[in-house]
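Comments concern the structure below.
The values are calculated or read from the model by the stated rules, or taken from the named source; none is laboratory data. Quantities reported herein were computed from a predicted structural model and do not represent experimental measurements. Please note: Cβ atoms are built from the backbone with ideal geometry, for glycine as well, and neighbour counts cover all protein chains shown. Only protein heavy atoms, including side chains, enter the accessible area calculation; ligands, DNA and RNA are left aside. Shrake-Rupley method; radii C 1.70, N 1.55, O 1.52, S 1.80 Å.
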Amino acid sequence: MNESARFYEISEPVYGAIMMMRNYNQSTGEFIGSDHITYVYGKTKSGNIAALGGNQGGSDFGGGTIKLSEYPTTKISAEFGKNYQRFYRFYLPTGYVEKVADLNIINVDDENAEMFGIGILSGKNEGGGL
């Protein structure tokens, strides 16, 4: 690890890790353009990552809100016209003490209702766009 690095990459998600999503060109298989980050909160029954992010929900929330969303790590998570977004990497700040405990299994819709009073069910393309 680089001594001056403020973050380091991890291979498995832990609570509070930064989950980076990147724009993706499906025809070339390459990551392109800008990134989106979200924070690991738990896992879903389907094995996806439940993550807390901003600018979620799009027009249903006047352009976005803070909420939990479900993200796969093995396939495209969003489509915006001809652009796609998919999981890229997990990171932790260098001072973070990594926890080895498994992530809690949650239902993002139940958690959003309880924590934020959000009654709209999660769907695809929840972000504010690319």
Next item on the list: Pull up the range 65-77, narrow it to residues that are charged (D, E, K, R) and closer than 15 Å to Asn55 by Cα, then point me to the one that is most open to solvent (accessible area, probe 1.4 Å).
Entry: Glu70
Checklist line | Total residues in the range 6-45, condition in contact (Cβ under 8 Å) with a residue 24 or more places away in the chain and part of a strand (DSSP E or B) | finding: 22
Check: Being touching a Ser or Thr at 6+ places or on another chain (Cβ under 6 Å), farther than 24 Å from Tyr96 by Cα and part of a strand (DSSP E or B), is that true of even one residue in the range 46-58?
Finding: yes
Checklist line | Test: residue in the range 115-130 that is modelled with pLDDT of 80 or more, under 15 Å from Ile37 (Cα atoms) and surrounded by fewer than 14 Cβ atoms within 10 Å (Cβ to Cβ) | finding: no
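Yes or no, residue by residue, for (1) open to solvent by 50 Å² or more (accessible area, probe 1.4 Å); (2) modelled with pLDDT of 90 or more:
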position	(1), (2)
Met1	yes, no
Pro13	no, yes
Glu30	yes, no
Asp35	yes, no
Tyr39	yes, yes
Gly53	no, no
Phe61	yes, no
Glu79	yes, no
Check: If a residue has to be at pLDDT 80 or above, more than 15 Å from Leu52 (Cα to Cα) and open to solvent by 40 Å² or more (accessible area, probe 1.4 Å) to count, how many in the range 85-98 make the cut?
Finding: 5
Notebook entry, point to check: Is it true that Asp109 is modelled with pLDDT of 85 or more and under 18 Å from the mean Cα position of the chain (by Cα)?
Noted result: yes
